[in-house]
Number of protein chains: 2
Amino acid sequence: MNVIFINPFLEAVVHVFKTMAFTDPKPGEPFLKKRPELSQGDVTAVLGLTGSVKGSVAVSFTEAAILQTVANMFGEPVNEISSEVEDAVGELCNMICGDARRALESQGYHLQAAIPTVINGKGHRISHSVPGPTLVMPFTIDSDATFFVEVCFESDQT
Amino acid sequence: MNVIFINPFLEAVVHVFKTMAFTDPKPGEPFLKKRPELSQGDVTAVLGLTGSVKGSVAVSFTEAAILQTVANMFGEPVNEISSEVEDAVGELCNMICGDARRALESQGYHLQAAIPTVINGKGHRISHSVPGPTLVMPFTIDSDATFFVEVCFESDQT
């Protein structure tokens with residue numbers, strides 16, 4: 001995968017979390033996903049991208065990470081992954097992709113976003129049905145509060 | 001949601017399952033999804049669509065349904081949701097959307113598909129982050145082998 005795709009998403013995550021959830025997630029070392037080493041989460045938003053390149057982006061949270069994030073967004077404690085929390089996960093994914101798309105636009109990549117789909121279920125795993133590599137960016141909020149941003153584009157184009 | 005979107009997906013599912021998995025899934029009554037009445041599955045492929053309308057499509061299988069389907073596709077018994085099974089779920093979703101897109105093309109809707117993302121995890125639930133309605137089409141292969149096709153498009157365009 002072209003490294004040109006890494007920074008826009010990394011910066012978008014940090015920016016969106018700072019402005020929306022008043023948190024400063026610490027990025028870990030990005031890695032290329034290899035099966036069966038899949039990242040795993042409890043609630044995930046998936047967003048498809050088309051245009052100059054075809055891809056998909058997943059933002060996958062542990063329960064601890066999303067409850068802490070939405071408590072900050074809502075300004076009150078949140079104890080379960082309700083439909084409001086699911087909506088917030090979809091919206092965070094939307095905003096991250098929106099920020100990244102704008103940054104990529106200035107580099108000549110024109111991308112259209114589909115509608116986010118949110119998956120809620122303890123410990124699910126995600127894979128992207130494409131021959132190309134998937135880049136995983138891990139982030140930590142607290143010691144047990146982690147989330148992953150996965151970015152996957154068709155390899156023949158990137 | 002405009003009813004124009006129902007039949008192309010319904011017909012695509014029946015056609016793809018007939019030609020790829022040599023099965024004849026029985027369509028149930030389509031319904032509009034209302035939270036918290038969410039359909040639920042053990043493995044799901046999600047595909048984003050952009051173009052004339054923005055949307056997302058999810059194909060969500062119970063474990064029994066997908067193991068039976070891929071056993072037919074592979075020509076041998078399949079006992080677990082392996083990475084090959086995940087790939088087959090993504091590919092089935094791709095083909096269903098491809099068939100439906102071709103049908104919608106003749107009605108003036110030009111849609112681009114993103115990359116399918118596959119989610120594997122017992123009993124997860126799916127929601128689509130859009131104000132518009134989500135149409136759910138249930139299908140049965142055997143008594144305990146069911147799957148759902150969910151189609152969601154932005155309501156202001158459909």
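The values are calculated or read from the model by the stated rules, or taken from the named source; none is laboratory data. Model, not experiment: these values are computed from the prediction. Cβ: placed from backbone, ideal geometry, glycine included. Neighbour counts: every protein chain shown. What goes into the accessible areas is simple: the full protein's heavy atoms, side chains included, and nothing from ligands, DNA or RNA. Shrake-Rupley method; radii C 1.70, N 1.55, O 1.52, S 1.80 Å.
Selection over the range A:103-113 of residues that are in a helix (DSSP H, G or I) and open to solvent by less than 30 Å² (accessible area, probe 1.4 Å) gives a count of 1.
For the range B:114-127, name all the residues that are in a strand (DSSP E or B) and either free of Cβ contacts under 8 Å to residues at least 40 places away in the same chain or not hydroxyl-bearing (Ser, Thr, Tyr) (or both). Explain how you work it out, then say what you get.
Restricting attention to the range B:114-127, the residues satisfying the condition of being in a strand (DSSP E or B) are B:117-127.
Selection gives B:118, B:119, B:120, B:121, B:122, B:123, B:124, B:125, B:126.
Give the residue, chosen from B:150, B:105, that is farther than 21 Å from residue A:123 by Cβ, within 11 Å of another protein chain (Cβ to nearest Cβ) and out of contact with any Gly (no Cβ under 8 Å at 6 or more places or on another chain). Going through B:150, B:105 in turn, just one is farther than 21 Å from residue A:123 by Cβ, within 11 Å of another protein chain (Cβ to nearest Cβ) and out of contact with any Gly (no Cβ under 8 Å at 6 or more places or on another chain): B:150. Among the numbered conditions (1) open to solvent by less than 10 Å² (accessible area, probe 1.4 Å); (2) in contact with a helix residue (DSSP H, G or I) (Cβ under 6 Å, 6 or more places away or on another chain); (3) within 14 Å of another protein chain (Cβ to nearest Cβ), the only one that residue A:69 does not meet is (3).
Go through the range B:40-53 and give me each residue that's assigned to a loop (DSSP other than H, G, I, E, B) and open to solvent by 10 Å² or more (accessible area, probe 1.4 Å). Matches in the range B:40-53: B:52 only. The residues on offer are A:44, A:19, and the sole one that is farther than 19 Å from residue B:126 by Cβ and β-branched (Val, Ile, Thr) is A:19. Sort through A:149, A:130 and tell me the only one that's part of a strand (DSSP E or B), crowded, with 18+ Cβ neighbours inside 10 Å and either in contact (Cβ under 8 Å) with a residue 60 or more places away in the chain or of a type outside the set (Phe, Trp, Tyr) (or both). None of the other options fit; the residue is A:149. Summed over the range A:74-102, the residues that are hydrophobic (A, V, I, L, M, F, W, C), open to solvent by 10 Å² or more (accessible area, probe 1.4 Å) and more than 10 Å from chain B (Cβ to nearest Cβ) give a count of 3.
Anything in the range A:54-79 that is of a type in the set (A, V, I, L, M, F, W, C) and either in contact with an Asp or Glu (Cβ under 6 Å, 6 or more places away or on another chain) or not in a loop (DSSP other than H, G, I, E, B) (or both)? List them, or say none.
Keep residues of the range A:54-79 that are of a type in the set (A, V, I, L, M, F, W, C), which gives A:57-59, A:61, A:64-67, A:70-71, A:73-74, A:78.
Once the filter is applied, which keeps residues that are of a type in the set (A, V, I, L, M, F, W, C) and either in contact with an Asp or Glu (Cβ under 6 Å, 6 or more places away or on another chain) or not in a loop (DSSP other than H, G, I, E, B) (or both), the range A:54-79 yields A:57, A:58, A:59, A:61, A:64, A:65, A:66, A:67, A:70, A:71, A:73, A:74.
For the range B:126-135, the candidate set comprises residues that are at the interface with chain A (Cβ under 9 Å from one of its Cβ atoms) and within 14 Å of the chain's Cα centre (by Cα); within that set, the residue that is nearest to residue B:60 (Cα to Cα) is B:126.
Restricting the range A:9-38 to residues that are open to solvent by 10 Å² or more (accessible area, probe 1.4 Å) and touching a Lys or Arg at 6+ places or on another chain (Cβ under 9 Å) leaves a set whose member that is modelled with the highest pLDDT is A:24.
If you take the residues in the range B:55-113 that are of a type in the set (S, T, N, Q) and free of Cβ contacts under 8 Å to residues at least 40 places away in the same chain, which one is nearest to residue B:11 (Cα to Cα)?
To start, the set of residues in the range B:55-113 that are of a type in the set (S, T, N, Q) comprises B:56, B:60, B:62, B:68-69, B:72, B:79, B:82-83, B:94, B:106-107, B:112.
Restricting the remaining residues to those that are free of Cβ contacts under 8 Å to residues at least 40 places away in the same chain gives B:79, B:82-83, B:106.
Working: B:79: 29, B:82: 28, B:83: 27, B:106: 15 Å.
If we take residues in the range B:55-113 being of a type in the set (S, T, N, Q) and free of Cβ contacts under 8 Å to residues at least 40 places away in the same chain, then B:106 is nearest to residue B:11 (Cα to Cα).
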